Each structure stands twice: as structure tokens, then as C-alpha cells.
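What follows is a short report on a single structure.
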Amino acid sequence: MAHDHHHAPDLSAGNLTGHKLGAHSRNLGIAAVALLAVGAWLGYRSGDAGHFARAYLVAMVFGFAICLGGLFFVTVQHLTRAGWSVVVRRPAEALAQNLRWMWILFLPIAWMGWKGTLVDLYPWADLAVLASVSEAEAKLVANKAGFLNQKFFFVRAAIYLAVWAGLGAFFWGASTRQDRTGEVAITETQRKWAGPAMILFGLSTTFASFDWIMSLSPAWFSTMFGVYFFALCATCGLSVMTLVLLRLQRDGQLRGIVTPEHYQDLGKMLFAFGIVFWAYIAFSQFMLIWYGNLPEETAWYLPRQVGGWLWLSWALLFGHFVFPFVFLISRWPKRWPSTLAVGCAWMLLFGFLDVFYLVMPHIPHDLGEYATYGEFAAKHASDSTHLADPALLCMTAGVLLLVLSGTARALKGQSLLALRDPSLGESLAFQNM
């Protein structure tokens, strides 16, 4: 038997339109542009082009991860013909539609390629520069030149960005069109194309993670890296989507429509993908490399186990897995808005720290000169993570606010609910077993 809050969901226009979203979008947009400008100025002032480029890459990848997580949620709901999620799907669609304009965030990296300074970020961009530092590494990377060359790198980037923009626009356009026309066939079309969309999503995110993050250390490789990046996207996307829903309800929208039943399932998805699956992939990658003990593979983990990076590695283990696992394993923290909000904000923070951990550490080119790990660790014991770098924090906050501004702007002109989806009734009456 359904609970009382399922008896009369308020489907009036006032409950389904975001009154305050126009002002939110404008204010967030202004703050985002200001933070990005300050971050860029601080980074330029620092004079360290390589560090500044990596700091911007952290911000860019974090923004993409949030929106790709939203795209994954929408695609998987259509793929599985899920009925429960209809009332919570619109914010995820709004996150995903940001991918229509987010190619703009890639322009600074394209500018670096055009100016001939891409080597400040990616060592493979100029093998002569790499050879002057490490001849052995340059030879190894030269064997990958068929894939790791600037022209092909930017062609691939254009493909990823076009695929993401197309998928985001497709699901957003179809869903909002159904609000106006009520055509049931639109739902069937989305379900039919969800399979190919998921294949495109999987391939594009995997190769983007190889190109944009893994190739920062061009001699290193991991076949699990794309799946790790997917888990990161799911963590960030599900966290932001749930926080958006909680905020909308705090502003007085979607009363009696999104219930603890829906929040419990969103919490389950965050628990499954963002905590358990992430930990499984992170441990599997680390364990296989540790057990294999091959210098060309362990080189990626060595810098992350010394100085300040060692503490960040431990922080990720406990903050991304142990603490949230204990916190969200029960059903009640997922059903109470305040505890779920804390859990989502916590996971979003550790999603950012995860991106930072993947992008910022430099693998020293002189690794081969150390006889033992202890010798290497002793020399790098004072290495700092530079996590409090103002340019990095300003640019990351700027990109996050830009994404939220774009999401609010999209929702402002639409219903906050897929109002004429044929499964709406099932979703409104949904109950957890």
C-alpha cells in the first residue's frame, strides 16, 4: 500500500516551474566568469605554464565529469526502460544538455596546440623536448606516435565533443518535445537509441580519459583507466543531480512528487557506482600494477606515494570509500534530505580530489637513477600537492558554477518534470521494496 505522500502529488504549474532559476542562473553565471577570470590571471601571473595548464585541465575534466555523469544516468534509464526515475530525470537531462556548449572549455587546449605550446601539458607533443630530458622515455613514446600526435589528438577531441553534444541535445530535445506534444512514440525512440548511445558514451569517455589524462604520462598505460574515469563521472554526476533535486525541493518545487523513495534509489546508485564500483576498479588497477612490479607501470604510482601525495592517496581510500560506505550503506541516510545532501556534497568533493590526483602529479624523468624505492621516497619526501593553489581552486569553482548556471538556465524555460512521459504514473507511485 502506498504512503500518504503518493496520494495527491501536486502537478500544478507552480510546483513544476523553477520560479527562482532565472536569478540563480544569472548570478551563478556572473560568479563563474569572475572566478575563471581571476583563476586565469593568477595562473598567468605564476609564470609556470605547465602547472597552470594542468590546473586548468583539472577544472575542465571536473566539469565534463559532472555532465557526463548526468548523460550516463539518462541513457541508462532509457536503456533499462526504468519507470521509477521519470520524476528525477529532468535535472540529469539538464546536466547532460550542457555538453552542447561545453566544447568551449576545450578551446584553451586547442589554443595551446595552435600556438605550439601543447608540450607544456603533454610531453608527447614534442619528442625533441622529451628526448632532451629522457632519451629512453622519448624512444618509448615515439613508438606511440601513430596515436599520440597533435593532429590526430585534436581530431579525436572533436569527435568526443561532437558525440557528447549530440547525445545531450538528443535526450534533452526529445524529452522537452514530449512535454509539448505528449507523443508516446518519443519515449520509444529514446529507448531504441539508448543502446547505441551507451556504446558511444562508453567508447568516447574511455578514449577521452586516455587522451586527456593518461597521456600526461605518455610512457605509462592502464587498460582499466577508462572504467576508472567512468566511475569518476558517475560519482560527480549523481552527486550534483541529487543536490539539484534537493535544492529545488528546498525552494518549494516538486512537492509530493520526488519522495524519499526516489532519493533512496538515487542514493543506491551513488553508493553502487561512486563508492563500491570506484573502489573495486581503483583497487584492481593498483593491485595488478603492484603485483606485476614492472618499472614502466609502477612509475605512475611512485610519485603518488611520497610527500603530500601519500596523504592524498590515503585520503582517497578513506574519503572516497571507507567513510561514505559506512555512512550510506543504511537506507535511512539515503531517505533523509539533510544526510543525503551531506553524502552527495562529500562525494562531489572527493570526485574533485580524484581528478586532482589523476592530473597534477609529475612523474620524474630520472626514475631510473634510483636504486631503491626508499631512495626515491627520501628525495621526494617534501613534495607538496599544491592543493591550495588559488588559481586551481578559482578555475575549478568557476567551471562548477558555469555548469550549474547552464543547468538552471535550461530548467528555467521547461517543466521540472517529464510531465507527459507514459511512465509518469508508475514513477509517482514508486515504492522501494
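The values are calculated or read from the model by the stated rules, or taken from the named source; none is laboratory data. None of these values were measured; they are calculated from a predicted model. Cβ sites come from the backbone with ideal geometry, for glycine too, and all protein chains shown count toward neighbours.
Name every residue in region 90-105 that is surrounded by fewer than 24 Cβ atoms within 10 Å (Cβ to Cβ) and either outside any helix (DSSP H, G or I) or out of contact with any helix residue (DSSP H, G or I) (no Cβ under 6 Å at 6 or more places or on another chain) (or both), in order of residue number.
101, 102, 104
What are the residues in region 279-302 that are within 22 Å of residue 232 (Cα to Cα) and acidic (Asp, Glu), if any?
297 - this is the single residue of region 279-302 that is within 22 Å of residue 232 (Cα to Cα) and acidic (Asp, Glu).
Farther than 17 Å from residue 277 by Cα and without any contact (Cβ under 8 Å) to a residue 40 or more places away in the chain, is that true of residue 214?
Considered against the rule, which asks whether it is farther than 17 Å from residue 277 by Cα and without any contact (Cβ under 8 Å) to a residue 40 or more places away in the chain, residue 214 comes out as yes.
Could you grab the pairs with beta carbons closer than 9 Å, sequence gap of 6+ or different chains, first residue in region 186-203 and farther than 15 Å from residue 69 by Cα and without any contact (Cβ under 8 Å) to a residue 24 or more places away in the chain, second one buried (at least 20 other Cβ atoms within 10 Å of the Cβ) and of a type in the set (Asp, Glu)?
186/421
Listed residues 133, 119; which is more than 28 Å from the chain's Cα centre (by Cα) and farther than 27 Å from residue 173 by Cβ? Steps first, please.
Details: 119 fails: more than 28 Å from the chain's Cα centre (by Cα).
Residue meeting the stated conditions: 133.
Is there a residue being among the hydroxyl-bearing types (Ser, Thr, Tyr), crowded, with 21+ Cβ neighbours inside 10 Å, over 12 Å from the mean Cα position of the chain (by Cα) and closer than 13 Å to residue 201 by Cβ anywhere in region 70-78?
Checked region 70-78: at least one residue is among the hydroxyl-bearing types (Ser, Thr, Tyr), crowded, with 21+ Cβ neighbours inside 10 Å, over 12 Å from the mean Cα position of the chain (by Cα) and closer than 13 Å to residue 201 by Cβ.
Report the residue count in region 302-336 for those that are closer than 21 Å to residue 66 by Cα and over 23 Å from the mean Cα position of the chain (by Cα).
Total meeting the criteria: 0.
Of all residues being crowded, with 18+ Cβ neighbours inside 10 Å and either of a type in the set (D, E, K, R) or closer than 19 Å to residue 313 by Cβ (or both) in region 387-401, which is nearest to the chain's Cα centre (by Cα)? Just the residue, please.
Among them, the one singled out is 392.
For region 363-386, give me the residue count where each residue is in contact (Cβ under 8 Å) with a residue 24 or more places away in the chain, crowded, with 16+ Cβ neighbours inside 10 Å and not in a helix (DSSP H, G or I).
Looking only at that region, the number is 6.
Can residue 215 be described as under 22 Å from residue 284 (Cβ atoms), of a type in the set (Ser, Thr, Tyr) and not in a helix (DSSP H, G or I)?
Criteria not met by residue 215.
For residues in region 316-342 being in contact with a Gly (Cβ under 7 Å, 6 or more places away or on another chain) and touching a residue at least 40 places away in the same chain (Cβ under 8 Å), which is nearest to residue 384 (Cα to Cα)?
Out of the qualifying residues, it is 324.
Of all residues in region 392-422, count the ones that are more than 24 Å from residue 173 (Cβ to Cβ) and modelled with pLDDT under 95.
The total comes to 0.
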